[in-house]
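Down below is the structure, laid out as structure tokens.
Nothing in this text is a laboratory measurement; each read-out follows from the coordinates by a stated rule. From a predicted model like this one, the values you see are computed outputs, not experimental measurements. Counting neighbours? That spans all protein chains shown, and the Cβs are built from the backbone with ideal geometry, glycine included.
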Amino acid sequence: MNRLVILGVGPQARVIPDLLSALSDWELVGFVDCRDERPCLVGDAAAYAVFDGSDFPETIARQTGIFRPLIALSRMGHRKEWIRKIGELGMDPATLIHPTAVLSRSAEIGRGCLICPGVIIGPGVKIGDHCIINSASTIDHDSVLEENVILAAGVHLPGFVRVGSGTFIGVGSCAVNHVTIGRDCLIGAGSVVTKDLLDGILAAGVPAKEIRKL
């Protein structure tokens, strides 16, 4: 049995206990309040311990023993800080894949990833470390997600799409084949990306257009 500690107490963290109920090889120890988001631990999530992020991981390790972390923060800046921290500590982040997700045998999934219910990942897809693929999103053949990418629910990426590290793609968005979305971009909900986007761009609309630089 693997012990899991979730970094974050917001909406993304809140859904993980339900996902874990479908997995038999993980024990949730609790959550870490990283002080960057409003707590949203209700329902099943409210039953678990909440640790202070200021003394991570020492206090948790003393109380629970060896555990594996999973970053469930929403803000990219804070995610990057914690990715760096657990890397410096030499920790092995957990990857969770819901059993209803469909993954090609040739797909590659990195460390510290969260793959939610109903996700479909096609052949030749490469997903970097610390990515979150939310419910009912699809990533088709030969597409690449670099490190620390978040796809909100219902995002659809066709073949040969590349998404740069630190990018968030909003709910219900999609793209056309062969486009590249740069690093540290924010794509608004319901957008359709029809052409390449440079790094650090806020884009939205149908078709998605640059609104401003981030």
- If you add up the charges near residue 146, with Lys and Arg at +1 and Asp and Glu at -1, over every other residue whose beta carbon is less than 14 angstrom from its beta carbon, what do you get? +1
- Nearest-5 percent of antiparallel DSSP beta bridges in the chain? 10
- Computed over the Cα atoms, what is the radius of gyration of the chain divided by 2.2 N^0.38 Å, N being its residue count? 1.00
- Task: Compute the long axis of helix 76-88 from its Cα atoms, compare it with the longest principal axis of the Cα atoms of the chain, and write down the angle in degrees, 0 to 90, nearest 10.
- Result: 50
- Task: Scan around residue 195 for amide H atoms under 5 Å from its own, H built in the peptide plane at 1.01 Å from N, and keep only partners 5 or more places away or cross-chain.
- Result: none
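Could you calculate the contour length gain from residue 81 to residue 105, that is, 0.36 nm times the residue separation minus the distance between their Cα atoms, to one decimal place in nm?
Working: separation 24, 0.36 × 24 = 8.64 nm, distance 3.20 nm.
Gain in length upon complete extension: 5.4 nm.
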- Amide H proximity to residue 103 below 5 Å, modelled H, separation 5+ or other chain, gives 121
- 15 Å Cα-Cα reach of residue 126 towards aspartates and glutamates, excluding residues that sit fewer than 8 places from it in its own chain: 108, 140, 142, 146, 147
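Would you work out the charge dipole size for the chain about its Cα centre, treating the Cβ of every Lys and Arg as +1 and the Cβ of every Asp and Glu as -1, and quote it to the nearest 20 debye? Don't jump to the answer; show the numbers that get you there.
Working: 20 positive and 23 negative charges, 83 e Å.
In total the dipole reaches around 400 debye.
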- Vicinal HN-Hα couplings computed from phi for segment 46-61 (Karplus, 6.51 cos²θ - 1.76 cosθ + 1.60; Hz; Gly/Pro x): 6, 7, 9, 5, 10, 9, 7, x, 5, 10, 6, x, 4, 4, 5, 4
- Item | 19 Å tail of the calculated P(r), segment 110-214, as % of Cα pairs | 30
- Note on the structure: Hits in segment 38-72: amide N under 18 Å from the 7 Å Cα→Cβ extension of residue 89, namely 49-72
- Using modelled amide H (1.01 Å from N, peptide plane; none on Pro or chain starts), what sits under 5 Å from the amide H of residue 50, excluding residues fewer than 5 places away? 31
- Among 51-63, 107-119, how do they line up from the highest to the lowest mean number of other beta-carbon atoms within 10 Å? 107-119, 51-63
